[in-house]
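Everything on this sheet refers to the single structure shown next.
The values are calculated or read from the model by the stated rules, or taken from the named source; none is laboratory data. The structure displayed is predicted, hence computed values, not measured ones. Here the Cβ is made from the backbone with ideal geometry for all residues, glycine too, and neighbour counts use every protein chain on show. Only protein heavy atoms, including side chains, enter the accessible area calculation; ligands, DNA and RNA are left aside. Shrake-Rupley method; radii C 1.70, N 1.55, O 1.52, S 1.80 Å.
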Amino acid sequence: MSYLTIALTKGRLAYKTLGLLEQVGITCDEMKDESSRKLIFTNEDLGVRFFLAKANDVPTYVEYGAADMGICGKDTILEEGRKLYEVIDLGFGRCRMCVCGPGSAKELLRHHELIRVATKYPGIAKDYFYNKKHQTVEIIKLNGSIELAPLVGLSEVIVDIVETGSTLRENGLTVLEEICDLSARVIVNQVSMKRENQRVTKLIRDLKTVLQEERL
Ligand code: PRP
């Protein structure tokens, strides 16, 4: 029997994801060892293997079938626009994709001014401003600490994730417009959904059962 390969997102989501997989009987103690530099972890008994990847790469591994399934944020799924099935909203990692900036930038948005928008998510920003708001903007791609951009005059606003809102508050910025809600999702390769149907659908069913029990 071939392995069922699952791509997990490094960082914030990984720990919660492992906890959830444990609840459906999929364990991998090796992966919890934070000092390990190993990239692939295998549970021979279950015929399952995991690997940790950068968030943005998880949909890529899944689209190409290098992973049968993956767990990543909805932000990544929207941004990457890969061909895959999104099958479960896991309900954790909840946050919002928002347009943020100093309060004074609200007027610029209202009057559809040609402004600069800094973001790690150019695809999401473009879709929002061009297709939903019909506002022409200049989008500037950054790779992190996006809140810096309006503080140092790189852009008027940012499109970024807001979780607790602390980063915005501590830097004198605020949410100006909400784009969408985000959370962790399970994604499946389109071929694996057919070829590994039994194993994939069982895992989906088990995960849904655990999530339902948690909600009760
Ligand atoms: C994310 C996001 C915000 C922050 C929001 O950044 O880009 O900066 O978290 O969280 P908060 O609302 O709870 O303050 P992350 O920490 O992932 O790092 P990055 O800035 O390098 O992208």
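Values computed for the structure shown
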| item | result |
| --- | --- |
| Cα-based Rg of segment 128-216 normalised by 2.2 N^0.38 Å, two decimals | 1.62 |
| Computed Rg/Rh of segment 59-143, alpha carbon atoms with Kirkwood Rh | 1.05 |
| Lys/Arg +1, Asp/Glu -1 at C-beta; segment 90-168 dipole; positive extreme among Ile161, Gly91, His111 | Gly91 |
| Fraction of accessible area attributable to carbon and sulfur, the chain (%, probe 1.4 Å) | 48 percent |
| Cα-projected label distance for Lys83 with Gln23, points at 7 Å along beta-carbon direction, nm | 3.4 nm |
| Pairs from Lys83/Lys106; Lys32/Lys54; Lys54/Lys83 whose Cα-Cα separation, in the structure shown, is over 26 Å | Lys83/Lys106 |
| For the chain: accessible area per residue (Å², 1.4 Å) | 55 Å² |
| Gain on full stretching of the segment that runs from Arg96 to Ser166 - 0.36 nm per residue minus C-alpha separation | 23.9 nm |
| The chain - convex hull of the alpha-carbon atoms, volume per residue in Å³ | 138 Å³ |
| Using alpha-carbon coordinates, inclination of helix 12-23 to the longest axis of the chain, degrees | 30 degrees |
| Relative packing of peptides 107-113, 93-99 - highest average C-beta neighbours within 10 Å first | 93-99, 107-113 |
| Cβ-Cβ FRET estimate between Thr201 and Ser2, R0 fixed at 25 Å, reported to 0.05 | 0.90 |
| Environment charge at Lys106 (Cβ cut-off 15 Å; Lys +1, Arg +1, Asp -1, Glu -1) | -3 |
| Nearest-0.05 FRET efficiency for Tyr130 and Glu107, computed from C-beta distance (R0 25 Å) | 0.75 |
